[in-house]
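Structure first, commentary second.
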Amino acid sequence: MRGQAPGVAISQFSPAFIEAFNSAAVLFQASRFEDAAAAFRRLIAEHSGIAALHGNLGLCLRAAGRPDEAMDALKQALRLKPDYPDALNALGGILLDRRHIEHALIAFKELVKLKPDYPGALLTLGNLFMFIGGGERAHATYRLAVAVEPDVAVNHNNLGAVSLSLGHPQDAALNYRRALAIDVGKPEYRKNLGTCLLMAGDYPNGTVAYEGRLEQPVWRKRDMPGVLWQAQPLAGKTLLVHFEQGLGDSFQYIRYACMLKRMGARVLYECQPALKRVLSTAPDLDGLFAFGEPLPPYDYHISLMSLMHRLGTTPDSVPGGVPYLRAEPELEAGWAERLERLEGGKRPALRVGINWHGNETGKSIPLECFEAMGKLPGVRLYSLQKVSGLDHLERLRDRVAVTELGADFDAGPDAFLDTAAVMANLDLIITCDTSVCHLAGAMGRPTWVVLKWFADWRWMRDRLDSPWYPTMRLFRQATSNDWAEVMDRVTAEVAANAGGQATPNPAEGTLR
C-alpha cells in the first residue's frame, strides 16, 4: 500500500495521525482488509480532504471483496486529486473485473497518459485493445510496454500474440523467444511459440515447442499410470493413446493409428464418451474405450496431440488418406430416404449442409450471411447445427431458407451419428471452424471451411487447401471480422456449381 498523502509530507501530520496511518497500512499488509478499511474510515472522519486516505480505503475495500464501496472511495480520491495513479489503476481494475470495458479503457488511458511507466499499465491497456479487436492499437501499446519494462516477459509474449494475429509470424516468434529468454521454459510461452511455428508450417520445431501446453496449469492434464511413450520401439507393445482437447481433435488425429500400427504396436484409444460410436469405424485400432471405462494393460501411453511431435510428421507427410471415418450404413440409408421425402422426390442440383456457429470467439458465421445462398436456384440448405446457434435460426427462419432435420437429429447420447449419415448424402458441407469440419474432412466429403482472418494454427496462414483433408477448401476473411465479403465469395462459388449441375464424384471429393 502506498501510504503517503499525495502532495503532503507525512511528517507534517501529528504523531497520532502517523501512528494510525501506519497501523492501517500494517493491517492491510497482514490481509486484514476489513480492519484496515475501518482504520482508514476513522482517519477520513478527521481528515476528509486527503486523497490518499480515500485511495487506500478503496484498495482495502476492493481486497475485501466490496467493489461498489471501493469504487465510491476511489472516485472520491480522484475528485480530490485527479492525477492519482494508484486510484486510477485500482478503479480501472474494478471496471475490468466487471467487464465494463469502455470505462476501463478510459481509466487506463488516463493512467498511461499520467504515468507511462506505472507497472503493468501499458500491458493492461494493450490487453483491453486486444479485447475490443483493436489489433494495431494493441501492437503499438505493447511495443511501448516492452520499451518501458523490457525485462517483463509477459510484455514480449503479448506483443508476440498481437503480431501473430496481425499476420506477422516471424515477429511473433522473435517476441515469444524473448519472453522465454526472460522466463526460461515457461510452458505458456513455449506453447505460444509452438502454435506460431506450426502456423508458419515449421512442424519440426513447432511440435517440440507445442509440447509446452501439457505443463500449463490451465491444461486438462491427465496423470496416466505407466510409462510415457517417447519414441521407444513399439514392435509387440501396446500403446494407449488418450484424447486431450476437443471433439474435432479426435476426428483429426485418430489417423495416426495407422503409423503406430506400421511400427508394430497394438493401438488402444481412449476417447470422449460421446464419440465412441462414431469413432468405431476408424481403422487400425485394436481397442476403443470411452473415458471412464476400465482400460486393459498397456506398455506405454501418450496424449493424442503429442503424436505429431513423437512421429515427426510435417504438412508433407500427414498420415491417413480419406475417408478414414464413415457413416453407419443403416443410418446413411435411412437418411437418404428421409431427405428424399423432405424434398418431395425432387432432388436439388446441390444439397448443401451448413454449420454456422462454433463455441470459440470469432469463429461463428452470422446466419444471415447464408440468406442469398438459400435463394439460389437448384440449391437446398440443410442445417447441421446442434445446440448452440439454434436461436439464430429461430430469429431468422423467415429470411434464411434452411431445412431443419428434426428434433431427433443426433438427439441420443452418441454424438455425430446422424450428422455423419446426413453428410454422406450431401453434395457439399459449408461450415465454420468447428468439429463438423473435421468429421466431414475425415469422411472425405466435399467441405468448404470459412475461416476468420486470424484462424487456428492448423489451417496455417495463406493456404486455401488443407494437408490434413484433401477434399477440403478453405475460404478466409480478407479483413478481420468481415464475414459478408467472404460469404459473398462462397455464395458465388455455390451458384457456379449449382448452375453447372456440378454434383461431385465422391471419389474426387471436391467441387470446383
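Across all C-alpha atoms in the range 331-455, the radius of gyration and Dmax reach 13.7, 42 Å.
Here the Kirkwood formula, the inverse mean of 1/r across different C-alpha pairs, assigns the range 276-325 a hydrodynamic radius of 13.3 Å.
Computed over the range 109-179, the range of Cα coordinates on each principal axis works out to 34, 26, 13 Å, biggest value leading.
Rg over Rh for the range 127-267 works out to 1.07, using Cα positions for both radii and the Kirkwood form for Rh.
Positive-end ranking of Tyr118, Leu128, Leu198 along the dipole of the chain, with charges on Cβ about the Cα centre, is headed by Tyr118. The magnitude of the dipole of the range 425-507, with charges of +1 and -1 set on the Cβ of Lys/Arg and Asp/Glu and taken from the Cα centre, is near 200 debye. Counting other C-beta atoms within 10 Å, and keeping those with at most 15, which DSSP coil GluC sites (Glu not before Pro) do you find in the range 389-492? In loop regions of the range 389-492 (DSSP not H, G, I, E or B), the sparsely surrounded GluC sites (Glu not before Pro) are Glu404. Taken about its Cα centre, the range 227-314 carries a charge dipole of roughly 240 debye when the Cβ of each Lys and Arg holds +1 and the Cβ of each Asp and Glu holds -1. Put simply, the range 306-357 fits an ellipsoid with semi-axes of 37, 14, 10 Å; these come from the alpha carbon gyration tensor as the roots of five times its eigenvalues, largest first. Neighbours of Gly320, meaning other residues whose beta-carbon lies under 12 angstrom from its beta-carbon, give a summed charge of +2 when Lys and Arg score +1 and Asp and Glu score -1.
So how do 43-53, 105-115, 222-232 stack up, highest first, on mean other-Cβ count within 10 Å?
Top of the packing list down: 105-115, 43-53, 222-232.
Packing-based ranking of 147-160, 333-346 yields 147-160, 333-346, ordered from highest to lowest mean Cβ neighbour count within 10 Å. Ellipsoid fit via the Cα gyration tensor, the range 10-215: semi-axes of 41, 18, 14 Å, each the root of five times an eigenvalue, largest first.
Put a plus charge on the Cβ of each Lys and Arg, a minus charge on the Cβ of each Asp and Glu, and nothing anywhere else: the dipole of the chain about its Cα centre is then about 520 debye.
Angle of helix 135-148 to the longest C-alpha principal axis of the chain, folded into 0 to 90 degrees and rounded to 10: 50°. With axes computed from alpha carbons, what is the tilt in degrees of helix 51-63 against the longest principal axis of the chain, rounded to the nearest 10 within 0 to 90? For helix 51-63, the angle is close to 40 degrees. Based on the Stokes-Einstein relation at 20 °C and a viscosity of 1.002 mPa s, and on the Kirkwood radius from alpha carbon pairs, the range 227-314 is assigned a translational diffusion coefficient of 167 µm²/s.
Other residues lying with their Cβ under 10 Å from the Cβ of Glu215 contribute a combined charge of +3, Lys and Arg counting +1, Asp and Glu -1. With bins 10 Å wide beginning at 0, the percent of Cα pairs of the chain falling in each bin runs 4, 15, 21, 20, 17, 12, 7, 3, 1, 0. One Cα centroid belongs to the range 326-401, the other to the range 56-75; the line between them spans 51 Å.
Principal-axis analysis of the Cα atoms of the chain puts helix 483-499 at an angle of about 10° to the longest axis. Within the same chain, lysines fewer than 8 places from Lys452 are excluded, and of the rest, those with a Cα less than 25 Å from its Cα are Lys191, Lys363, Lys375, Lys386.
The residue list Ser435, Ile18, Leu279 was ranked by how far each Cα lies along the charge dipole of the chain toward its positive end, using unit charges on Cβ atoms, and Ile18 comes out on top.
Rule-based calculations on the coordinates, nothing more; no lab input. Since the model is a prediction, treat every value here as computed from it, not as a measurement. FYI the Cβ positions are ideal-geometry reconstructions off the backbone, even for glycines, and counts take in every protein chain you see.
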